[in-house]
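Reviewing the structure listed below.
The values are calculated or read from the model by the stated rules, or taken from the named source; none is laboratory data. Values in this document were obtained by computation on a predicted structure and should not be read as measured data. Methodologically, a virtual Cβ is constructed for each residue, glycine included, from the backbone with ideal geometry; neighbour enumeration extends over all protein chains shown. Only protein heavy atoms, including side chains, enter the accessible area calculation; ligands, DNA and RNA are left aside. Shrake-Rupley method; radii C 1.70, N 1.55, O 1.52, S 1.80 Å.
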Amino acid sequence: MNKKTTVLLILLIILSVFTYIKLDEEKKISENSKLLLVKIENTEKELKEISTKLKDKETELDMLKLQYKTEYESRNIIDIKARKIYDSFINRDIEYLKSEVSSGVIVENDKITFENGYMYLLTEKNEDFVLRQRHYSLNEDKTKFITGYEILLNNAESIPVYNFEFINENGEWKLNNIYEE
């Protein structure tokens, strides 16, 4: 073999090896690219799922905010009502009581009888008192509101707590029950 042929043969071998190496690298790059594309697609799916969950949580949060806002607004209205109702218990303002109780409650001169049979006796008190709200809650369908009040009296040995239950009757909050804790 002559020198040119040998050099050409060596160059061909080197080119073949180089081509083989480059083809192998290209194959590996192609496989890695495919794997990366699959990972990107999976990541995109996960991001869409996370985005959907986030939107659901935002909706849930908005609903909770609305519930708390409604509860607080109802609390303000009912707090005033409960205080007036308690004053009317003490002053025996029967006409006012009749206008503030639900349809299933019976108001008489000396007592109020609730649907569950509980009777609250109306007694005149001449001592000063303070009503202090302890708790309140509005149910999810916004039809029932329960609030508890401590009745602070001078020289009292204990502090009674009464829960006032109001129901939304024809768009108005009406006293439906009272029970002592």
### Task
Give the residue, chosen from Glu71, Glu31, that is in contact with a Lys or Arg (Cβ under 9 Å, 6 or more places away or on another chain) and either assigned to a helix (DSSP H, G or I) or open to solvent by less than 100 Å² (accessible area, probe 1.4 Å) (or both).
Glu71
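So which of Lys142, Lys125, Lys174 ends up being under 16 Å from Ile85 (Cα atoms), charged (D, E, K, R) and modelled with pLDDT of 85 or more?
Among Lys142, Lys125, Lys174, only Lys174 is under 16 Å from Ile85 (Cα atoms), charged (D, E, K, R) and modelled with pLDDT of 85 or more.
Determine, yes or no, whether Lys84 is under 17 Å from Trp173 (Cα atoms) and part of a loop (DSSP other than H, G, I, E, B).
no
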### Task
Please enumerate the residues belonging to the stretch 121-154 that are out of contact with any Phe, Trp or Tyr (no Cβ under 8 Å at 6 or more places or on another chain), free of Cβ contacts under 8 Å to residues at least 12 places away in the same chain and not acidic (Asp, Glu).
Leu121, Asn126
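Among the listed residues Asn76, Asn42, which satisfies the condition of being under 30 Å from Leu138 (Cα atoms), open to solvent by less than 100 Å² (accessible area, probe 1.4 Å) and polar (S, T, N, Q)?
Result of the check over Asn76, Asn42: Asn76.
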